[in-house]
Amino acid sequence: MRKTLGLTTAVLLGLGLPVQANDAPVALIIAQGGLGDGSWNDTAYAGFQAGLAETGLDGKPIESNDVAAQGEEIMRRAADAGFGLVISLEWIHGEPMEMLAPDYPDTDWVIMNQTRQGANVASVVFGEHEGSYLAGALAAQVTTDTSIPGINADPVIGVIGGVKSPGIDKFISGFIEGAKAINPDVEVKVAYAETFGDPAKGEQMAQAMFDEGADIVYQVAGGTGIGIINAAKASGHYAIGVDTDQDGIAPGSVLTSMVKRVDVAVAGILRDYKADKFPGGTEMVFGLAQNGVGLSPMTHTKDIIPAAYLERVEALKADIISGKITVWDVSTQGYPDFFN
Amino acid sequence: MADIRFAAMLASLRALLVPFAVALILAGIVLIVIGENPLAIFGLLAEESFGSARRIASTLSSATPLLFTAVATAICFRAGVFNVGVEGAFLVGGLAAVFVAFALPAGLGITLIPLALVAAMAAGAIWLWFPGWLLARFEVDEVVSTLMLNFIAAAITGYLVNGPLLSASAGNNMTPAIHDAAHLPRLMPPSTLHAGFLIGIAVMVLYGLWCRYTPAGVEGGLVGLNRRFARAMGISVSGTMITVMCLSGAIAGLGGASHGLGQLFRFSDAFSPGYGFTGMAVALLGRNHPVGMIVGAVLFGALASAGTTIQLFSSVPLDLVDIIQGLVMIFAVMELALPRLRRRRHA
C-alpha cells in the first residue's frame, strides 16, 4: 500500500502536478489502555477503519507502552515521515500537539475532548450536555413509574460526578435540564466523588442516594462509576452509564448509557481530510445533530421501558437537532440558574 | 587490576548482548510465522533506533528513566538485597518533585529545580528506608515488602492525582503543570531528550566510583558476596542493608524527578509504564556494571522508541516489542543460572 502511494506520488511529481496533501497517509495515536479496551480506543479505531475503507486512504494505528512520555516523539516522527493527518486519542497529547503543530504546517492535527489553538489543529469536542439531556429526560419519566421493577413513586433521581469542574458539570447540568423538562418537580441529587478512580467510594455514594429515595443514578465519574453501577445492581435500582455503552456491565441494572460516538467523529474527519476540507483551526462539535452523542441502544432494558417514554426522548432529540430546544452548555456559557 | 576491570566489563556486555541476540532470533521466527520479513523489520527497527541524530535522541530520551531505575536496582542487588520496590520510589519521587515544581511560587525561578530534585530524593529514600529497616531489624522479606510498597505507591499517587492534586483545568487525571522555570532544558530540540539524561549518566558514573572507592560501596559488595564473611570482617550487615535501600530510593526518586521535570511536566496516572521493572531487567542484564547498564538501558530505550514508530511504516503490532523484551529477560535470567548449573555438574 505504501509502495503504491509512493508510486502515485512519483507519477504526480513527474507530471508536474502538485502533490495533494489530502492523499498523504494518516495516523491514529491510540490512548492509554491500548487497543482492545472495549471502549474509547476500540470505538475510535472502528471509525478509523471505516473512514479508511470509505476514503481509500492509507493509515496506521500507533500504540505505545509509554504513550504519555512518547507522545511528542511519535507525533513529530509521523509528521517527518510524511503523514498528512495525525489524530491523537490521548488527552495528554493536547499540550505537546499545540506546541509542535506550527513546526509542521503541511500536516493536519486532531485532538479530542479539549480545544487547542493552531491553524492546522482541529479540536473535537462532544455535545455531552445534549446527550445527558436525553438521559435526564428518560430518567425523569421512569423514576415515577412503579410498574417498572426497582422504581419507587418519588420523583427523585441522582447524578455523581468525578470532580466539580466545568467539564463534568456540562454533563450534570444537561442531565438536570432534561429531567426538569419532563417534570419540573423532579429532584436531582448531585454529588461529587472527588475521584475518578475509586469504585468503592462510588458504590457508597450511590447507595446513599438510593437510601434517600433515588432510584436512578447517572455516573459521570470514570472508574468510580463502576461502583455506582455495582450499587445499582446490588440494590435492585438503576445506574446510567457514560462515554461508552456500559449497559452490558450489569445487564438490566444500567438503564441506558450516554455514549460518545468517537467513531463517528474519526470517520468524519477522515472524510473531510480526503475532500480537502480539513477544519483546521476550528473546534468541531459532535452533538446530537452530528450523531456524536446519544443514548445506547438499551439492549437489556428496552423491554422494561414503556415505548411512550422512548418516543418522548426521540421527540426531544428531534427538537434539539432542529434547534427548537437549546441545551445549556456549562463549559461555554457558565452556570445556569437551575444549577449552581 | 585494570585487566580485571576490563574483563568484568566484557563479561557484563556479553551477558547483555547474548540474550538480546537470542531474543531477536526467536522474534524473527515469530515474524516469519505471521508472514513478515524479519530482516526488513529488524532493519526498520535499527533505522528507527539509531538511523539519524533525531532517532538516536529519541532512543536516549526513552532510555533516560531506565538509567536511574537500573542503578537504583543494582545498588541493592549487588549487596544481596532483592529490592523490587524501585517502581514505587520512582512514582513517589516523581510526584514529590512535580509537587514542589508547581506548588512553590514561580518566582523562585531556576532554584525550583534543585529544590524539586532534593524533595524527590528525600521522598524516595524515606520510601525505601522503611522496607530496609524492616529487613535489617526484623528480617522481613524485602521482596514481599517492596513489592507491596509498589502497589501502595501507585495507590497513593493515583489517589492524589485523582483528587486533592487534580488539576482544575484538566479533563484527565493529572496534576497542574509545573512552572516553566522548573523545566529541565532540552539537549537537542525539538527532540524530547533532556538534561535528565546527563544526570542519569552522572549517577551511573558516581555509582561506579562509589562501588569501587568508598568504604560503604566496597562493604555493600562484600555483604552481597557473603553475609557471614562480611559480618566476620566487622561490617554491619544491617547498616549496609539500610544504606543501600535508602540510596536506591534516592536514586529512583531522582529518576522520577527527571521524568517529571524533563519529560512530562506534570504527574499523571500513566507517569511510569513500569520503568522500575524494566530497570530491574537492565540491572540483571548489565550484571550491575555501569557500562553494561548504560548499554542495556539504551537497547531497551531503542526497543521502546522504535517499537512504537515502526508502526508508522509496517503492520507489525506493538506486541513484537513485548515479545522481544520478555524473551530478553528470560534469557538474561537463564544466563545467570547457567554458570551455576555448570559448576554444580563439575562438583
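The values are calculated or read from the model by the stated rules, or taken from the named source; none is laboratory data. Because the structure is predicted, anything quoted here is derived from the model rather than measured. All Cβ positions, glycine included, derive from the backbone under ideal geometry; neighbour counts span all protein chains shown. Remember, those area values only see protein heavy atoms, side chains included, never the ligands or the DNA or RNA. Shrake-Rupley method; radii C 1.70, N 1.55, O 1.52, S 1.80 Å.
Show which lysines lie in cross-link reach of A:Lys324 when reach means a straight Cα distance below 25 angstrom and same-chain residues fewer than eight apart are skipped.
Those lysines meeting the cut-off are A:Lys170, A:Lys180, A:Lys260.
Could you pull the Cα extents of chain A along its three principal axes, largest to smallest, in whole Å?
If we take the Cα atoms of chain A, the spans are 75, 40, 36 Å.
May I ask which residue of B:Ile34, B:Ile235, B:Ser314 lies farthest towards the positive end of the charge dipole of chain B, with charges of +1 (Lys, Arg) and -1 (Asp, Glu) on Cβ and the Cα centre as origin?
Result: B:Ile235.
Choose one of B:Pro114, B:Phe82, B:Tyr207: the residue whose Cα lies farthest towards the positive end of the charge dipole of segment B:63-340 (beta-carbon charges +1 Lys, Arg; -1 Asp, Glu; about the Cα centre).
B:Tyr207
Relative contact order for chain A: what is it in percent, counting Cα pairs under 8 Å that are at least 6 residues apart?
18
Give me the tail of P(r) for segment B:17-165 as a percent: Cα-Cα pairs with distance above 27 Å.
Across segment B:17-165, Cα pairs with separations above 27 Å total 47 percent.
Any residues in segment B:28-72 that have 50 Å² or more less accessible area with all protein chains than in their chain alone, probe 1.4 Å, and which are they?
So the qualifying set is B:Arg54.
Helix-only estimate, please: 222 nm mean residue ellipticity of the protein assembly as shown, summing -39500 (n - 2.57) across DSSP H runs of length 4 or more and dividing by its residues, to the nearest 500.
Numbers: 24 runs with 393 residues, N = 687.
Mean residue ellipticity at 222 nm (helix-derived): -19000 deg cm²/dmol.
Taking the Cα centre of segment B:134-292 as origin, work out the dipole magnitude from +1 charges on Lys and Arg Cβ and -1 charges on Asp and Glu Cβ, in debye rounded to 20.
Details: 8 positive and 6 negative charges, 77 e Å.
Computed about the Cα centre, the dipole is about 380 debye.
Using a 1.4 Å probe, how large is the accessible area of A:Trp328, given in Å² and rounded to the nearest 10?
Around 80 Å² of this residue is reachable by solvent.
Looking only at other chains, what is the average number of their beta-carbon atoms within 10 angstrom of each beta-carbon in B:263-273?
Values: counts 6, 6, 2, 3, 0, 5, 6, 10, 2, 3, 8.
Going residue by residue through B:263-273 and averaging, the value is 5.
With r as the distance between the Cβ atoms of A:Ala289 and B:Leu17 and R0 = 60 Å, compute the FRET efficiency 1/(1 + (r/R0)^6) and round to 0.05.
0.50
Taking all protein chains in place and a 1.4 Å probe, what share, in percent, of the accessible surface of segment B:201-242 do carbon and sulfur account for?
Values: 1550 of 2360 Å².
C and S fraction of accessible area: 66 percent.
Two-decimal Rg/Rh of segment B:53-131 from alpha-carbon positions, Kirkwood Rh?
1.06
How big is the dipole moment of segment B:63-340 about its Cα centre under a simple scheme where the beta carbon of each Lys and Arg is +1, that of each Asp and Glu is -1, and everything else is neutral? Debye, nearest 20, please.
The dipole of segment B:63-340 has a size of about 620 debye.
How much of the calculated P(r) for the protein assembly as shown lies past 48 Å, in percent of all Cα pairs? Intermediate results must be reported in sequence, preceding the final value.
Working: 55788 of 235641 pairs.
Within the protein assembly as shown, distances greater than 48 Å cover 24 percent of Cα pairs.
Averaged across A:82-92, how many Cβ atoms of other chains sit within 10 Å of each residue's Cβ atom?
2
When the solvent-accessible surface of protein heavy atoms is calculated with a 1.4 angstrom probe, in what order do A:Ile176, B:Ile199 fall, highest first?
B:Ile199, A:Ile176
Identify all aspartates and glutamates with a Cα-Cα distance to A:Lys164 below 14 Å; exclude those on the same chain that are fewer than 8 residues away in sequence.
Straight-line reach from A:Lys164, under 14 Å: A:Glu194.
Which lysines does A:Lys60 reach when only Cα atoms under 16 Å apart count, and residues fewer than 8 places away in its own chain are ignored?
A:Lys3, A:Lys274
Out of A:Ala31, A:Ala289, A:Ala53, any idea which swings most in a Gaussian network model of chain A, alpha carbons joined below 10 Å?
Result for chain A, Cα springs under 10 Å: A:Ala53 fluctuates most.
Which three numbers, in whole Å and largest first, are the semi-axes of the equivalent ellipsoid of segment B:63-340 derived from its Cα gyration tensor as √(5λ)? Before the final figure, lay out the partial values.
Working: eigenvalues 182, 111, 60 Å².
Here the semi-axes work out to 30, 24, 17 Å.
Gaussian network model of chain B, Cα springs within a sub-10 Å range: biggest mean-square fluctuation belongs to which of B:Met241, B:Met188, B:Met121?
Its mean-square fluctuation being the largest, the pick is B:Met188.
Only bridges with both residues in chain A count here: give the DSSP antiparallel percent, nearest 5.
DSSP beta bridges in chain A are roughly 5 percent antiparallel.
Tell me the GluC sites (Glu not before Pro) within segment A:176-284 that lie in a loop according to DSSP and have at most 14 other beta-carbon atoms within 10 Å.
Of the GluC sites (Glu not before Pro), the ones in loops of segment A:176-284 whose Cβ has at most 14 other Cβ atoms within 10 Å are A:Glu212.
Averaged across the residues of A:165-176, what count of C-beta atoms belonging to other chains lies within 10 Å of each residue's C-beta?
Working: counts 6, 3, 5, 1, 0, 0, 0, 0, 0, 0, 0, 0.
Rounded to a whole number, the mean comes out at 1.
Running Debye on segment B:195-346 with equal point scatterers at the Cα sites and no solvent, what base-10 log of I(q)/I(0) appears at q = 0.10, 0.13, 0.14 Å⁻¹?
With no solvent term, the Cα-only Debye profile gives -0.48, -0.78, -0.89.
Quick one: dipole size for the protein assembly as shown, taken about the Cα centre, charges +1 on Lys/Arg Cβ and -1 on Asp/Glu Cβ, in debye to the nearest 20.
Roughly 3280 debye, rounded to the nearest 20.
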